[in-house]
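A quick write-up on the structure given underneath.
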Amino acid sequence: MSPDFIREALRRVHYPGFSRDIVSFGLVKDITCEPGLTTIQIEVQTADPQVPEQIFRACHAILDPLPDIGHAKVVIDVKAPSAPAVGGDVGKSSIPGVKRVIAIASGKGGVGKSTVAANLAVALAATGARVGLCDCDLYGPSVAQMFGTSERPLANEQDQIIPIQAHGVQLMSMAFLLDGASPVIVRGPMATRYTQQFLRQVAWDHLDYLILDLPPGTGDIQLTIVQTVSVDGAIIVTTPQEVALIDARKAMAMFGKVNVPILGLIENMSWFECDAGKRYYLFGDGGGVREAELHGVTLFGRIPLDVATRERGDSGSPIALLPAAASKVSAAFHQTAAALRATVAP
Ligand code: ADP
């Protein structure tokens, strides 16, 4: 019996509520095999006492029947979930009315992060889930435009902002709150405080998934967001070429430092398909696929480069609103949403 064998066996233990296993999440810290005794050291960061209990039971269910293992001792070290928020004194907390929070991030701008976030939200809603999309990009908000709305949200009696409804998605954007003020003057610690306040003041109506469209890059605002609210995981959007992948790696490293699991990657602009059906890999073939393999994370989908996708983004009618049979890009977004849903149950 070797630690490697035990580690492989533990890949069948899922993190509660996720289809990802505890090994790929990096929670198995140490395995020692002595004659008659196998000790497994696991570390989880959670405030929910059921999580370590379920992991403990699931580990024993897998390990106990193994021959030659002797006594299996599963030791779970439970750590408090939150690090103090950057630039503020507000700790991480879950968002009322929201079951799952998924951050969509990218190492750099222009890779199609907002396009992916918008279409993923629409495609997830089409699976029957209740979905919200929050544009957290103070300096370049685009979600309202992509959903074709210029409506201003109203406040409820508790002074919370009521999200706008568009294309079956509850929508909120930091741009709605600027009230004409130029985002350029909201900088540094002020931007951080503003973001924290914003995230806590929205009256989401019973969401299965809240998609956070993070600003591009790996700065303080991104850290503030993922440390202000309890984010279930992050998805990194990248294009296939090396210069984009370098920045995607930086984004993955940032989430690793603040213990936000990387759920996986989405490769955007993967190829262009001409009318004759030939594919042109303008940014190289398979960069996202290799990157996902390298980091042991899921590649949720590959989204082609497509004129209609850009046009429909500009005109406020995301391509994922089309039936999958009518558009290969819409089909790719619906497959991506199904893969995400299978990974993170609501
Ligand atoms: P980011 O949020 O990463 O800065 P955007 O989502 O704003 O990027 O996309 C940048 C531009 O690229 C937009 O004009 C958008 O319509 C376009 N775009 C994004 N993804 C695709 C795609 N798969 N096919 C065609 N155009 C796309």
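The values are calculated or read from the model by the stated rules, or taken from the named source; none is laboratory data. Worth saying up front: this structure is predicted, and the values here are computed from it rather than measured. When we count neighbours, we look across all protein chains shown, and the Cβ atoms used for this are built from the backbone with ideal geometry, even at glycine. Areas reflect the complete protein model, heavy atoms only, side chains present, ligands, DNA and RNA absent. Shrake-Rupley method; radii C 1.70, N 1.55, O 1.52, S 1.80 Å.
Odds and ends about this structure:
- Taking other residues whose beta carbon is less than 11 angstrom from the beta carbon of Ile161, and scoring Lys, Arg as +1 and Asp, Glu as -1, yields +1.
- Helix-only [θ]222 nm of the chain, DSSP H runs n ≥ 4, -39500 (n - 2.57) each, per residue, nearest 500: -10000 deg cm²/dmol
- Ranked by how many other beta carbons lie within 10 Å on average, peptides 22-32, 298-308, 209-219, 260-270 from highest: 260-270, 209-219, 298-308, 22-32
- Per residue, the average separation of C-alpha pairs within less than 8 Å and at least 6 apart gives the chain a relative contact order of 20 percent.
- Number of Lys-Lys pairs in the chain with C-alpha atoms under 23 Å apart and a separation of 8 or more places or on different chains: 15.
- Arg7-Gln54 FRET efficiency (beta carbon distance; Förster radius 22 Å; 0.05 resolution): 0.70
- Mean separation of Cα contacts under 8 Å, 6 or more apart, over the residue count of region 3-79: relative contact order %: 33 percent
- 5 angstrom amide H check on Asn268, placed H, neighbours 5+ away: Thr238, Thr239, Ile303
- Within the accessible area of the chain (1.4 Å probe), percent carbon and sulfur: 54 percent
- Kirkwood estimate for region 129-172, i.e. one over the average of 1/r between Cα atoms, Å: 11.2 Å
- Multiplying each eigenvalue of the alpha-carbon gyration tensor of the chain by 5 and taking the square root yields semi-axes of 36, 26, 18 Å, largest first, rounded to whole angstroms.
- A DSSP coil position with no more than 10 other Cβ atoms inside 10 Å describes none of the chymotrypsin sites (Phe, Trp or Tyr not before Pro) in region 243-273.
- Based on protein heavy atoms only, region 98-343 ends up with 41 Å² per residue of surface accessible to a 1.4 Å probe.
- Amide H to amide H, with H built 1.01 Å from N, Ile262 comes under 5 Å of Ala234, counting only residues 5 or more places away or on other chains.
- DSSP beta bridges confined to the chain are antiparallel in about 25 percent of cases.
- Amide H partners (placed H, <5 Å) of Ser173, local residues excluded: Asp135
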